[in-house]
Amino acid sequence: MKNALEVSTGTWVLDTSATTLTVSAKHMLAFTVPATLTLTSGSIEIADGEVVTVNVTLDASSYTSKMAKRNEHVVSPDFLDAAKYPTIQFQASYAASSTAGGTATGSITMKGRTAPVQLTITKIAIDGDTATFEASGRVARADLGVGKMPSLVIDSMLDITVSATARRAY
């Protein structure tokens, strides 16, 4: 297996069926509510053995938790406003990595607002034309225009966890 610094120049495409993005927040300061969002597309560009760009698009209407009423409310104008803003974008312009991990520094754009985010890469494995990785980070929901509920009801920070598979594009 190679680390990201040993991967040849090119484009890696995220596998939408093998990539999971989970977002979670504390509810009423008592328990964590996880939900998933569906990846619609994603790519990683590598040049001279370094990750130079990451572009990811998520379907805002795909928010799925264990509660149907919550799902409907979160995709409504009170939170994601998925009818008006159908996608959530993540872009990173820098990623430092090795098989031990690393960081991806970039931004999330949602509801027409962009907020900085840093994802900590906790696992990277590359085997031939397939790469898998796990990453996590935090972002303030108010920075993304989803500050409807007070932080006593829903924590002001959203935790993001990514488990992804990418395949070399030819």
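The values are calculated or read from the model by the stated rules, or taken from the named source; none is laboratory data. Since this is a predicted model, take the numbers as computed values, not measurements. Positions of Cβ are backbone-derived with ideal geometry, glycine not excepted, and every protein chain shown enters the neighbour counts. Accessible surface is based on the protein model in full, side chains and every heavy atom, while ligands, DNA and RNA are left aside. Shrake-Rupley method; radii C 1.70, N 1.55, O 1.52, S 1.80 Å.
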Take Gly147 and decide whether it is of a type outside the set (D, E, K, R) and modelled with pLDDT under 85.
yes
Among residues belonging to the range 129-144 that are touching a residue at least 24 places away in the same chain (Cβ under 8 Å) and open to solvent by 20 Å² or more (accessible area, probe 1.4 Å), point out the one that is farthest from Gly112 (Cα to Cα).
Asp129
Out of the residues in the range 58-96 that are among the aliphatic types (A, V, I, L, M) and open to solvent by 50 Å² or more (accessible area, probe 1.4 Å), state the one that is modelled with the lowest pLDDT.
Met67
When you scan the range 105-122, do you find a residue that is buried (at least 20 other Cβ atoms within 10 Å of the Cβ), of a type in the set (Val, Ile, Thr) and under 17 Å from Val23 (Cβ atoms), even just one?
yes
Considering residues of the range 1-18 that are at pLDDT 95 or above and either among the aliphatic types (A, V, I, L, M) or under 18 Å from Met110 (Cβ atoms) (or both) only, the residue most open to solvent (accessible area, probe 1.4 Å):
Val13
Residue under question is Asp15, and the condition is that it be touching a residue at least 60 places away in the same chain (Cβ under 8 Å), among the acidic types (Asp, Glu) and farther than 25 Å from Arg167 by Cα; does it hold?
no
